[in-house]
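Enquirer: Mind looking over this structure? Questions follow.
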Amino acid sequence: MPTRSDVWLAAGLVVASFFAALVADSGPPYRPLDGIGLAFAVASALCLLWRTTAPLPVTAATGVVVVANAVVGYPPTVVQWPAWISVFTVFATYGWAKRTVGAALTLASLAGYVVFDRGEVGAPELFSVAMCFLISVAAGDAARTRRAYATASQARLMVEERARLARELHDALGHAVNVMVMQAGVGRRVFDDDPAFAQEALGHIETVGRDALGELDRLLRVMHPDDPPPDLAELTSQVRAAGRDLRMNTAEVDLAPAAARAVHRIIQEAVTNALRHTDSGRIDVGLARVGDTVVLEVANEGRNLPTPTPGRGLVNMRERARLEGGSFEAGPVDGGFRVRATLPVRGNA
C-alpha cells in the first residue's frame, strides 16, 4: 500500500505535470506536449506511489516511461523528475548490492533516452544528466548515512543508560542483598542452638529488606517520573524514518488519564517489539471504542513468527492493562503477530 507521503508526492508531481504542459514549449524536433505526452508524465508520477515500498520496481518503471517518451518523440522535461527521485530512494534505502541494480536500471534507461531522443544529445545534455544522477546518488547516500548514524547514536545511548541503571541498582541494592543473605545464613545455622540470635537476625533481615525496598522505590520514581505519555506523531515519524510503514488508525476515546497513559505506553512497547523482532512488513495500530471498552490492537506483518516468550516487554504491557482493569493478549496470527489490549472507558473502571 502506498504511504501517505508518497501519495502527496505523486499528487504534487501530477499537478506539476499539468502546469508544465501549459507553460512548456520545446518546439521542433519534439512533438507538442498533447494529451498523450501528458499521460506519459502522469504515469511516471504515479509510479512514485510505490516509491517507499518497492524502490527498485519503481526505478525500472520510471526508466521505461523515459524511454517510451523519447521513442514517441516528446521532450524529457517532465518525465525525468520521477526517475531521479526513484534513484534517490534506492540509494537512501538499500546497501550496495541493490544500489548497483538500481544504477544499472537507470543507466539502461539513460542509454535508451540517448538513442531514441529526437533532440541533439550533446555534451551539455550529457553533463546535465550526469549531474542529476550524481546529485540523486549523493543525496540518497547522505540520507541513509544520517539514518544509520541516528540509529547508532540511539543504540549507544541505550548502552550507556543500561550501564547507568546497572550501577544504580548495584549501589542501591547490592549491599543490602549481601547483608540479607549473610544474616539469613547465620540465622539458619544457629536457629536450633540460639533461637534468640536467630530471631534478631530475622529482624535485621526485615529492616534491611524494607530499607532496600524504599531505595528501589526511590530509584524507580527517579527513572520513571509521572511524565505525559509519548507523542504518537513523533513515534510514527521515527518508525517511518527507519524505513518501516506504520499505519495509525486511532479514534478519540474517553479514558482516564492513567488509562490513556497505559494505552500510549502499550503502543510504544508493541511497536518497539515489532521493530526488534521483524525486519520488514507493515505495522498497524488501531484504537477504537467498542461498547463500554476501548480496544487497542497493534499488528505487524511477518511469516513464521515464533510463539512469544514472557519477556519483560510483554509482562509490562500485560501489567499496565491489568492495573487499569483491562485485559491483554499477544501472539501470532495469520500473516503476522498481534498485540491486543482491552480497557474500560472512563467511569466503567
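Enquirer: Identify the residue in the range 232-252 that is in contact with a helix residue (DSSP H, G or I) (Cβ under 8 Å, 6 or more places away or on another chain) and in a loop (DSSP other than H, G, I, E, B) and, among all such residues, is modelled with the lowest pLDDT.
Expert: Of everything passing the filter in the range 232-252, Ala242 is modelled with the lowest pLDDT.
Enquirer: Mind telling me which of the residues Ala270, Ala330 ends up being modelled with pLDDT of 85 or more and assigned to a helix (DSSP H, G or I)? Let's see the steps before the verdict.
Expert: Numbers: Ala330 fails: assigned to a helix (DSSP H, G or I).
Sole residue among the options that is modelled with pLDDT of 85 or more and assigned to a helix (DSSP H, G or I): Ala270.
Enquirer: Of the residues that make up the range 73-93, is at least one over 28 Å from the mean Cα position of the chain (by Cα) and part of a helix (DSSP H, G or I)?
Expert: Start the filter on the range 73-93 by keeping residues that are over 28 Å from the mean Cα position of the chain (by Cα), which leaves 73-80.
After this cut, where a residue has to be part of a helix (DSSP H, G or I) as well, the list is 80.
Checked the range 73-93: at least one residue is over 28 Å from the mean Cα position of the chain (by Cα) and part of a helix (DSSP H, G or I).
Enquirer: Taking the range 56-76 as the search range and keeping residues that are surrounded by fewer than 18 Cβ atoms within 10 Å (Cβ to Cβ) and not hydrophobic (A, V, I, L, M, F, W, C), which one is farthest from Pro32 (Cα to Cα)?
Expert: This residue is Pro57.
Enquirer: Take the residues in the range 122-166 that are polar (S, T, N, Q) and at pLDDT 90 or above, then tell me which one is farthest from Trp96 (Cα to Cα).
Expert: Just the residues of the range 122-166 that are polar (S, T, N, Q), to begin with: 128, 136, 145, 151, 153-154.
Cutting the leftovers down to at pLDDT 90 or above gives us 136, 145.
Values: Ser136: 15, Thr145: 13 Å.
Applying the filter and picking the extreme gives Ser136.
Enquirer: Okay, next question. In the range 112-145, what residues are among the charged types (D, E, K, R) and surrounded by 12 or more Cβ atoms within 10 Å (Cβ to Cβ)? Please lay out each step first, then the result.
Expert: Kept after step one, since they are among the charged types (D, E, K, R), are these residues of the range 112-145: 117-118, 120, 125, 141, 144.
Correct list: Asp117, Arg118, Glu125, Asp141, Arg144.
Enquirer: Can you find a residue in the range 46-53 that is over 22 Å from the mean Cα position of the chain (by Cα), farther than 25 Å from Asp279 by Cα and buried (at least 21 other Cβ atoms within 10 Å of the Cβ)?
Expert: Filtering the range 46-53 down to residues over 22 Å from the mean Cα position of the chain (by Cα) leaves 46-47.
In the following step, the residues that additionally are farther than 25 Å from Asp279 by Cα were identified as 46.
Subsequent filtering for residues that are buried (at least 21 other Cβ atoms within 10 Å of the Cβ) retains none.
Within the range 46-53, none of the residues are over 22 Å from the mean Cα position of the chain (by Cα), farther than 25 Å from Asp279 by Cα and buried (at least 21 other Cβ atoms within 10 Å of the Cβ).
A quick yes/no check of all residues on (1) outside the structural domain of Arg51 (by TED's automatic domain parsing); (2) more than 30 Å from Thr52 (Cα to Cα):
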| position | (1), (2) |
| --- | --- |
| Thr100 | no, no |
| Leu105 | no, no |
| Cys132 | yes, no |
| Val137 | yes, no |
| Gly185 | yes, yes |
| Phe197 | yes, yes |
| Leu202 | yes, yes |
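Enquirer: If Leu169 satisfies all but one of (1) of a type outside the set (Phe, Trp, Tyr); (2) part of a helix (DSSP H, G or I); (3) at pLDDT 80 or above, what's the number of the condition it fails?
Expert: Of the numbered conditions (1) of a type outside the set (Phe, Trp, Tyr); (2) part of a helix (DSSP H, G or I); (3) at pLDDT 80 or above, the odd one out for Leu169 is (3).
Enquirer: Related question: Just give me the residues in the range 287-320 being at pLDDT 85 or above, under 26 Å from Asp245 (Cβ atoms) and of a type in the set (Gly, Ala, Ser), in sequence order.
Expert: Ala288, Ala299
The values are calculated or read from the model by the stated rules, or taken from the named source; none is laboratory data. Source: prediction; values computed, not measured. Here Cβ is always computed from backbone atoms with ideal geometry, including for glycine, and neighbour counts include all displayed protein chains.
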